[in-house]
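Below is one structure; the comments refer to it alone.
The values are calculated or read from the model by the stated rules, or taken from the named source; none is laboratory data. Remember, it's a predicted structure, so these values are computed and weren't measured experimentally. Counting neighbours? That spans all protein chains shown, and the Cβs are built from the backbone with ideal geometry, glycine included.
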Amino acid sequence: MGKVLSAKELKKAFLAGANQLNAKKDLINELNVFPVPDGDTGTNMTMTILSAAKEVAAIEGGSIKDICKAMSSGSLRGARGNSGVILSQLIRGFTKELSEAKEVDSLVLAKAFQRGVETAYKAVMKPKEGTILTVAKGMADKIMELSLTEEEILPLLEKVYAHGEEVLEHTPDLLPVLKEAGVVDSGGAGLMAVMDGALRSLRGEKIVLDLELKESGAVSALVGERKNRGEISTADIRFGYCTEFMVNGDHAFTDEEVDALRTYLTGIGDSIVCFSDEEMIKVHVHTNHPGDAFEKGLSMGYLSKMKVDNMRLEHHELLIEDASRIAAMDKLEEEEKPAEKKAFGFVAVCSGEGLENIFRDLGANQVVSGGQSMNPSTEDLVNAVEKINAEHIYILPNNKNIILAAEQVCSILEEQLITVLRSTTIPQGISALIAFQEEASPEENTENMTESLKAVSSGEITYAVRDTTIDGREIHSGDILFLGDNGLLSAEKDILSAVREALPKMGEGEILSLYYGEDVKAEDAEALVSEIQKDNPDLEIELQNGGQAVYYYLLSLE
């Protein structure tokens with residue numbers, strides 16, 4: 001290659017970057033600072049970039065602008081977890097700069113790197129150095145410096161990559177927790193994997209693309225969550241064809257145009273997803289007349305990525321099983337949805353049938369399956385919000401790694417009044433819903449629910465998957481770990497010992513709630529409660545079946 005990057009080279013480089021990240025996913029997951037079985041940075045980043053890669057791969061020919069649009073919109077909707085959201089924002093800023101250029105030379109690339117970093121930093125409320133942001137900024141600064149003298153694209157990016165590797169190696173110097181754990185930042189490592197793959201492509205190396213996510217523990221947990229919903233009889237499927245397509249126009253679609261299409265789809269089906277990203281509208285609908293949906297789309301522009309699945313014939317396959325489950329759930333939800341628009345609605349994220357039932361009982365209209373090890377995407381949350389008939393919708397992420405993805409929903413559904421309550425744990429989300437008052441104003445409810453988050457001290461009990469050191473304490477594989485709001489509270493050989501050490505560190509409280517997971521027997525949970533009660537006779541203890549994966553117990557002290 002020479003001094004200008006072509007659309008074909010950009011496409012191949014991006015797909016190769018996604019491919020390399022997919023191949024390195026499990027290694028990146030293992031860089032998780034805490035040695036618990038939910039290291040998911042690699043999975044989140046991979047699922048984010050594969051969402052974009054599949055859109056990019058579908059483009060035949062295409063200009064730089066076409067490639068950039070697919071990279072940006074695909075990663076935005078597919079963004080999962082903090083690392084995935086940051087990656088999507090890096091891509092968003094990068095592609096915006098490229099789209100505006102007549103040709104992509106070294107200076108334009110440098111500006112694109114800079115714009116990507118600026119966009120990503122703005123997306124994070126409190127940017128932390130020693131992370132993916134630091135690695136991205138290091139490369140952006142280096143390419144800007146080198147672009148003044150280096151005109152050839154490949155040598156320029158080779159030097160930028162080498163500098164990025166140096167910055168990554170120094171991330172432990174900026175984050176003591178990385179140094180103590182003996183690892184570099186996992187998000188930064190994921191970004192360098194993308195750069196590595198892109199460079200391999202630009203060098204002309206032969207690359208066999210595999211853009212299907214390789215199943216890992218985290219992915220298995222997500223698939224298992226779906227399978228555990230149970231099979232749905234074909235008799236329960238009201239609308240038999242799962243229909244998807246993109247409407248592509250020659251202008252940015254207005255809210256009125258999107259609303260009109262959504263209203264039409266409501267008349268011919270259900271389980272509707274319909275939202276725009278500038279000159280494109282994404283449509284998903286379950287209907288008995290796919291042709292009608294296509295004809296309506298054609299009246300607004302040309303169609304792409306058209307897909308129709310007969311759910312009655314093929315529901316035994318995983319994809320159709322999942323679509324069938326959604327159709328059945330949506331049917332139930334539609335029956336429960338009031339004809340008149342409510343003042344408030346809620347989307348909550350959690351994992352486990354017991355926790356899902358708790359959130360629904362407390363008023364959550366939609367419960368999105370996810371949490372540790374299986375962060376839902378921005379599009380998953382968009383889909384949930386779209387199903388709620390309410391003036392003001394609150395999203396409860398209930399996990400610090402889902403907050404950024406939730407906040408991106410607001411930028412996609414700009415016409416909808418949405419508030420993201422920054423709940424970082426399941427107990428915080430439960431407390432927020434309890435604090436909600438139907439008669440209060442949106443402002444009052446936002447203030448009250450936000451305050452309720454501060455009154456909860458949360459804990460999580462799981463096990464170590466490798467030897468490491470945290471806060472000067474040696475951790476051995478198989479140890480029981482008790483994690484609090486601000487880190488490790490105890491590490492012992494059994495659950496009771498871990499609880500006895502950690503509970504006093506959780507602070508003052510009168511009510512202790514325990515939610516036991518899918519790997520805990522009810523009698524064992526009851527025995528644990530009995531022992532805790534003996535140690536703390538004045539404490540009121542509540543025990544509930546959460547059914548969550550990964551964590552033996554979730555706890556809250558109020």
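General remarks:
To keep it simple, each residue is scored yes or no on (1) free of Cβ contacts under 8 Å to residues at least 60 places away in the same chain; (2) over 19 Å from A405 (Cα atoms).
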| residue | (1), (2) |
| --- | --- |
| T48 | no, no |
| A58 | no, yes |
| M71 | yes, no |
| N82 | no, no |
| T95 | yes, yes |
| E100 | yes, yes |
| V104 | no, yes |
| L109 | no, yes |
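- L5 meets all of the listed conditions (1) at pLDDT 90 or above; (2) closer than 24 Å to A549 by Cβ; (3) touching a strand residue (DSSP E or B) at 6+ places or on another chain (Cβ under 6 Å) but one, namely (2).
- The sole residue among S220, S201 that is under 30 Å from H284 (Cα atoms), in a helix (DSSP H, G or I) and either modelled with pLDDT of 65 or more or not basic (K, R) (or both) is S220.
- Answer from E460, E447, E474, E508 - the residue that is within 30 Å of D524 (Cβ to Cβ) and surrounded by 13 or more Cβ atoms within 10 Å (Cβ to Cβ): E460
- The residues listed here are L21, L15; of these, the one that is under 26 Å from F245 (Cβ atoms), in contact (Cβ under 8 Å) with a residue 60 or more places away in the chain and either in contact with a Phe, Trp or Tyr (Cβ under 9 Å, 6 or more places away or on another chain) or buried (at least 20 other Cβ atoms within 10 Å of the Cβ) (or both) is L15.
- Of the residues contained in the range 94-112, none is found to be closer than 24 Å to P172 by Cβ, modelled with pLDDT of 90 or more and in the same structural domain as P176 (by TED's automatic domain parsing).
- Residue count for the range 447-486 under the criterion of being of a type outside the set (D, E), under 20 Å from P397 (Cβ atoms) and without any contact (Cβ under 8 Å) to a residue 40 or more places away in the chain: the result is 7.
- Selection from the range 91-123 of residues that are in contact with a Ser or Thr (Cβ under 9 Å, 6 or more places away or on another chain), aliphatic (A, V, I, L, M) and part of a loop (DSSP other than H, G, I, E, B): none
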